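Read through the structure below, which is laid out as structure tokens, and then see the notes.
Please treat every number below as a calculation from the coordinates, not as lab data. All of these numbers come straight from a predicted model, not from anything done at the bench. Counting neighbours? That spans all protein chains shown, and the Cβs are built from the backbone with ideal geometry, glycine included.
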Amino acid sequence: MSRSAHPAGPRHADVMTEGHYTAPPADLNVLDAKVWARTVSRNDDGVVTVGGIEVTRLAEEFGTPAYFLDESDFRARCRAWADAFGRDADVFYAGKAFLSRAIVRWLKEEGLNLDVCSGGELTCALDAGMPAERIAFHGNNKTVAEIERAVTVGVGRIVLDSFQEIARVAHIAQRLGKRQRVQIRVTVGVEAHTHEFIATAHEDQKFGIALAGGQAAEAVRRALTLDGLELIGIHSHIGSQIFDMAGFEVSARRVVQLLAEVRDEHGIELPEIDLGGGLGIAYTSEDDPREPHEIAKALGDIVTRECEAAGLATPRISVEPGRAIVGPTAFTLYEVGTIKPLDGLRTYVSVDGGMSDNIRTALYDAEYSVALVSRTSDAEPMLVRVVGKHCESGDIVVKDAFLPSDLAPGDLIAVPATGAYCRSMASNYNHALRPPVVAVRDGEARVIVRRETEEDLLRLDVG
Ligand code: LLP
């Protein structure tokens with residue numbers, strides 16, 4: 001394989017990369033609508049805008065790195081999910097993808113429910129006014145204090161994850177004089193086609209109670225005997241960033257089978273099933289995610305068909321998309337600091353953030369795209385690796401991508417589809433200050449999560 005002697009690194013399709021980019025796109029200035037938030041476009045001056053505001057202005061006002069979130073896109077995605085699933089189903093936004101008080105208010109206004117998995121997320125939800133009955137509480141090891149709080153405020157459901165938790169929640173509810181609505185999370189034994197760390201329905205992992213060996217049936221048996229619990233249904237979440245609906249179909253089928261067994265054994269038809277979240281989004285032009293209405297139809301059809309076959313009334317379905325709602329709505333804006341061409345390999349472009357604002361590349365080998373957004377360029381594409389400023393060689397934001405070879409320090413570049421699991425997994429590694437989240441809508445930008453300051457860091461350091 002011949003390698004280019006271009007000073008900025010190898011140039012074209014003659015370069016084998018470790019990622020999936022083997023050739024640069026035809027025109028680096030064109031933004032692929034698939035990976036960018038809906039109101040993102042390039043204006044006549046070649047500057048990228050979101051919600052009608054130039055990124056250059058945003059960088060001046062809010063600094064970099066920063067996440068910019070397209071509020072109208074977020075709201076439109078909430079509505080699309082709610083409309084697709086309709087009145088006979090419930091959509092719970094998975095707060096772990098990204099949660100803030102503004103997000104909670106938007107969810108509430110757009111008619112969505114909220115799934116939380118910690119006392120902190122519950123606090124945020126309640127503080128921003130989400131009615132407790134619209135909250136589902138998750139987690140494989142909820143503390144007694146978290147359970148007490150969830151039961152006391154009256155969350156709509158607690159998703160039980162183990163035999164101990166069945167007893168624990170029942171006991172707490174009884175002590176508080178309540179009957180808590182619960183679901184039991186089962187593992188259906190599906191191998192989701194995604195990264196091992198974000199697949200959750202195979203048997204050898206920490207979540208849920210296995211259908212295999214009759215364990216889930218035993219969990220139902222126990223839950224039905226406990227006065228503190230009102231068992232409303234079965235829950236299954238098979239993993240995250242999944243495109244193939246086959247896993248969801250198997251999961252739905254197995255959950256319905258359990259409902260049929262429960263009916264046969266106890267004479268009860270559990271009224272609800274939750275099929276979890278996990279729907280994939282486009283991080284690069286090669287990803288082809290499904291639209292909410294296709295997902296709703298596929299899931300609705302399979303549940304209806306399986307229930308008919310089993311002679312069951314169709315239960316109320318709920319789903320818990322996180323990434324699919326917030327992921328595509330935000331991008332991270334960085335300023336280019338240093339550029340280091342490694343002859344015959346690639347060019348390393350260092351930005352002012354890194355693994356502290358996006359750990360996903362290091363953790364899951366996630367793929368991202370990147371674009372020069374402060375101007376256009378007709379220069380040749382160069383193969384780059386976008387890296388951060390942390391003291392670690394795994395500090396990679398975008399593993400393989402193309403940027404124009406006239407890229408220079410001070411240019412702004414943006415990584416799209418960073419709305420999910422970037423700010424929520426951000427860290428203070430190397431005492432980095434976690435970036436702000438700025439909501440942009442109709443020509444207005446406002447900070448919804450402010451940038452951390454050095455005082456914030458020192459405030460926690462009380463030694
Ligand atoms: N429901 C349950 C019970 C979950 O555990 C999750 C995600 C979701 C819903 C939402 O999944 P989503 O629709 O967002 O894929 N940090 C990883 C993802 C971990 C997902 C954990 N659970 C990442 O950055 O890819």
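Each Cα pair under 8 Å and six or more residues apart adds its separation to the average, and for segment 267-337 the resulting relative contact order is 49 percent. The GluC sites (Glu not before Pro) of segment 366-463 meeting both criteria, a DSSP state outside H, G, I, E and B (loop) and at most 16 other C-beta atoms within 10 angstrom of the site's C-beta, are E392, E452.
Ellipticity at 222 nm from helices only: DSSP H runs of n ≥ 4 in the chain, each -39500 (n - 2.57), divided by the residue count, give -8500 deg cm²/dmol.
In this structure, the amide hydrogen of L229, modeled 1.01 Å from its nitrogen in the peptide plane, lies closer than 5 angstrom to those of Q180, counting only residues at least 5 positions away or on a different chain. Taking the alpha-carbon centroid of each part, what is the distance from segment 245-323 to segment 344-361 in angstrom? If we compute the Cα centre of each part, the gap is 38 Å. For segment 138-321, the residue among I234, H293, Q205 whose Cα projects farthest onto the positive side of the dipole built from Cβ charges is I234.
Once C-alpha pairs closer than 8 Å and six or more residues apart are averaged by separation and normalised to the residue number of segment 138-321, the relative contact order reads 19 percent. With Cα atoms as the point set, the radius of gyration and Dmax of segment 138-321 evaluate to 16.5, 54 Å. Electrostatic bookkeeping for E306 treats Lys and Arg as +1 and Asp and Glu as -1; over the other residues with beta carbon under 12 Å from its beta carbon, the sum is 0. Dividing the convex hull volume of the alpha carbon atoms of segment 246-293 by its residue count gives 78 Å³ per residue. Across all Cα atoms of segment 8-162, the radius of gyration (one decimal) and Dmax (whole number) stand at 20.9, 63 Å. Put simply, the chain fits an ellipsoid with semi-axes of 43, 24, 20 Å; these come from the alpha carbon gyration tensor as the roots of five times its eigenvalues, largest first. When +1 charges are put on Lys and Arg Cβ atoms and -1 charges on Asp and Glu Cβ atoms, the dipole computed for segment 101-222 relative to its Cα centre reaches about 660 debye. About its Cα centre, the dipole of segment 243-322 is roughly 180 debye, where the only charges are +1 on Lys and Arg Cβ and -1 on Asp and Glu Cβ.
For D115, the residues 5 or more places off, or on other chains, whose built amide H falls under 5 Å of its own are Y93, A94, G95, A136. In the neighborhood of D127, defined by Cβ-to-Cβ distances under 14 Å, what is the net charge if each Lys or Arg adds +1 and each Asp or Glu adds -1? Counting the neighbours of D127, the net charge comes to +3.
Close amide H pairs (under 5 Å, H built 1.01 Å from N) link R42 with T49, residues at least 5 positions away or on another chain.
Normalising the average separation of contacting C-alpha pairs (under 8 angstrom, six or more residues apart) by the number of residues puts the relative contact order of the chain at 21 percent. Diagonalising the gyration tensor over the Cα atoms of segment 204-286 and scaling each eigenvalue by 5 before taking the square root yields semi-axes of 29, 13, 12 Å, largest first.
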